[in-house]
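*Asks:* Structure incoming, see below.
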Amino acid sequence: MKVLVYGAGVIGGQIAHALCISGNEVTILARGAWAETLRRNGLRIHHYIQRTDTTDWPHVIEKLDDKEYDAVFAVMQYRQMEKILPDLAAVNSPIVVLTGNNLSAGEMKAMILKNTTVRKTVLFGFGSTAGVRENGQLTAVHTGDGKLTIGRLHEEVPESVKTILKQLFSGSRMAVDYCDDMDAWLKYHAAFILPVVFLSYKTGCDLKKSTRAERKLLLDAAGDAYHLLMELGYPVRPKGDEKTLEPGPLRILSSFAIYIVTRTKLGALCTTDHCRNAPGEMEDLDDAFQKLRAQKPDFAMPAYDRLRNSMPAWAMIRERYGARR
């Protein structure tokens with residue numbers, strides 16, 4: 001099958017790798033020096049947990065062509081996705097999957113469908129892979145060949161589309177999970193990630209400096225954010241995920257996982273490298289979540305506010321890490 005991966009960072013690269021080993025005809029859209037590196041050296045990935053290295057040779061383009069694709073995976077930072085919506089509307093493909101952090105999913109879907117000339121099913125996804133791009137290759141942290149959660153905004157993915165996606169990844173170990181409310185899933189993901197972001201900037205993007213009290217505050221802050229979304233009427237996705245933040249055995253496991261991440265290189269690969277390199281995306285997510293909060297201005301979020309207010313102001317973060325808005 002013919003697939004376009006629009007964006008060649010860590011998650012896009014891992015998706016492209018899984019599609020390549022499944023025998024698809026894969027095209028990657030990348031730009032500039034990175035596009036030339038991919039043409040010259042191939043898509044090189046160091047799989048951190050597996051301690052293996054792979055090289056794939058997808059076709060590389062730098063601008064959208066008029067080729068017909070069976071599916072398109074757009075893998076971009078939150079606000080960057082907005083800039084490529086005209087391309088996603090124009091691309092000749094019946095399936096488009098917007099992959100990554102997204103608190104404007106409904107607006108983006110509407111814009112694509114309003115401007116497309118090809119009948120499309122617009123899906124939203126999130127890849128569990130983390131990592132960094134450096135020295136001409138990607139370092140990816142994942143299990144198997146990664147995990148991809150996919151869904152429509154508020155309903156099940158059609159079986160006909162599931163069949164195509166199953167075929168696309170049939171030769172890989174990429175796990176594809178389906179969600180019946182991806183809009184809620186992405187909002188709850190942001191509710192957990194933002195406290196991690198706040199702690200990352202508080203520690204100067206060095207989570208090894210975090211204290212036990214700060215890690216507890218992180219989970220309490222995420223709990224505040226979850227309860228806000230529940231108060232706003234968003235169903236918890238994944239179902240039951242709120243239990244990982246409430247007192248009990250799942251909270252203990254969450255605390256242990258946070259401890260491991262903050263005490264090893266995983267902290268950089270999974271969190272702080274991205275915070276350092278993409279503060280604009282983090283600020284955009286914070287702005288979008290604050291707009292959700294404005295719908296319930298009197299809803300108390302003491303742990304969330306305490307952690308958020310403990311990091312430097314966004315203007316200082318932009319100055320330190322060179323972000324542009």
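The values are calculated or read from the model by the stated rules, or taken from the named source; none is laboratory data. Values in this document were obtained by computation on a predicted structure and should not be read as measured data. Cβ coordinates were reconstructed from backbone atoms using ideal geometry, including for glycine residues, and neighbour counts include every protein chain displayed.
*Asks:* Under 6 Å between Cβ atoms, at least 6 apart or on separate chains: pull out the pairs that start in region 234-248 with a residue that is under 22 Å from Arg293 (Cα atoms) and end on any residue that is basic (Lys, Arg) and part of a helix (DSSP H, G or I).
*Replies:* That search, which allows pairs on different chains as well, returns Tyr234/Lys187.
*Asks:* Would you point out which residue out of Thr272, Thr264 is polar (S, T, N, Q) and closer than 30 Å to Leu232 by Cβ?
*Replies:* Thr272
*Asks:* Would you point out the residue of region 79-107, among those that are of a type in the set (D, E, K, R) and touching a residue at least 40 places away in the same chain (Cβ under 8 Å), that is nearest to Leu168 (Cα to Cα)? Outline the logic, then answer.
*Replies:* The initial filter retains those residues of region 79-107 that are of a type in the set (D, E, K, R), namely 79, 82-83, 87, 107.
When the remaining residues are screened for being touching a residue at least 40 places away in the same chain (Cβ under 8 Å), the result is 79, 87.
Values: Arg79: 27, Asp87: 22 Å.
This residue is Asp87.
Results for (1) touching a residue at least 60 places away in the same chain (Cβ under 8 Å); (2) closer than 21 Å to Tyr78 by Cα; (3) polar (S, T, N, Q), shown as yes or no for each residue.
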| site | (1), (2), (3) |
| --- | --- |
| Ser254 | no, no, yes |
| Thr262 | no, no, yes |
| Cys270 | yes, yes, no |
| Phe289 | yes, yes, no |
| Leu292 | yes, yes, no |
| Gln295 | yes, no, yes |
| Leu307 | yes, no, no |
| Ala315 | no, yes, no |
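*Asks:* Further, regarding this structure: Tell me which helices (runs of 4 or more DSSP H) are completely within region 56-168 and hold 3 or more residues being closer than 16 Å to Ile11 by Cα, or say none if there are none.
*Replies:* 78-83
*Asks:* Going by the structure shown, is Ser200 within 30 Å of Leu245 (Cα to Cα) and of a type in the set (Ser, Thr, Tyr)?
*Replies:* It is true that Ser200 is within 30 Å of Leu245 (Cα to Cα) and of a type in the set (Ser, Thr, Tyr).
*Asks:* Could I ask something else about it? Any idea which of Ile193, Ile150, Ile112 is within 19 Å of the chain's Cα centre (by Cα) and either under 23 Å from Lys291 (Cβ atoms) or aromatic (Phe, Trp, Tyr) (or both)?
*Replies:* Exactly one of Ile193, Ile150, Ile112 is within 19 Å of the chain's Cα centre (by Cα) and either under 23 Å from Lys291 (Cβ atoms) or aromatic (Phe, Trp, Tyr) (or both), namely Ile193.
*Asks:* Continuing with the same structure: Contact list please: Cβ distance under 7 Å, first residue in region 43-59 and farther than 18 Å from Ala33 by Cα and touching a residue at least 24 places away in the same chain (Cβ under 8 Å), second residue of a type in the set (S, T, N, Q) and assigned to a loop (DSSP other than H, G, I, E, B), pairs at least six apart or on different chains.
*Replies:* Listed by first residue and then by second, the contacts come to Ile49/Thr143.
*Asks:* Give region 163-202 a look and list any residue that's of a type in the set (A, V, I, L, M, F, W, C), buried (at least 19 other Cβ atoms within 10 Å of the Cβ) and either more than 21 Å from Tyr321 (Cα to Cα) or assigned by TED's automatic domain parsing to the domain that holds Ala105 (or both), or say none.
*Replies:* Leu165, Leu168, Phe169, Met174, Cys179, Met182, Ala184, Trp185, Leu186, Ala190, Ala191, Phe192
*Asks:* All but one of (1) part of a loop (DSSP other than H, G, I, E, B); (2) surrounded by 13 or more Cβ atoms within 10 Å (Cβ to Cβ); (3) without any contact (Cβ under 8 Å) to a residue 60 or more places away in the chain hold for Cys205; which doesn't?
*Replies:* So the condition that Cys205 fails would be (3).
*Asks:* Across region 276-313, what is the total count of residues that are more than 20 Å from Glu214 (Cα to Cα) and either not assigned by TED's automatic domain parsing to the domain that holds Asp220 or not charged (D, E, K, R) (or both)?
*Replies:* Total satisfying the criteria: 13.
*Asks:* Looking only at helices (runs of 4 or more DSSP H) that fall completely inside region 216-325, which ones have 1 or more residues that are under 26 Å from Asp177 (Cβ atoms) and touching a helix residue (DSSP H, G or I) at 6+ places or on another chain (Cβ under 9 Å)?
*Replies:* 249-263, 273-277, 279-293
*Asks:* Please enumerate the residues belonging to region 14-36 that are assigned to a loop (DSSP other than H, G, I, E, B), of a type in the set (A, V, I, L, M, F, W, C) and over 19 Å from Asp66 (Cβ atoms).
*Replies:* Of everything in region 14-36, nothing turns out to be assigned to a loop (DSSP other than H, G, I, E, B), of a type in the set (A, V, I, L, M, F, W, C) and over 19 Å from Asp66 (Cβ atoms).
*Asks:* Right, something else. Kindly check whether there is at least one residue in region 117-126 that is of a type in the set (Lys, Arg) and either under 21 Å from Ala288 (Cβ atoms) or free of Cβ contacts under 8 Å to residues at least 24 places away in the same chain (or both).
*Replies:* The answer is no; no qualifying residue exists.
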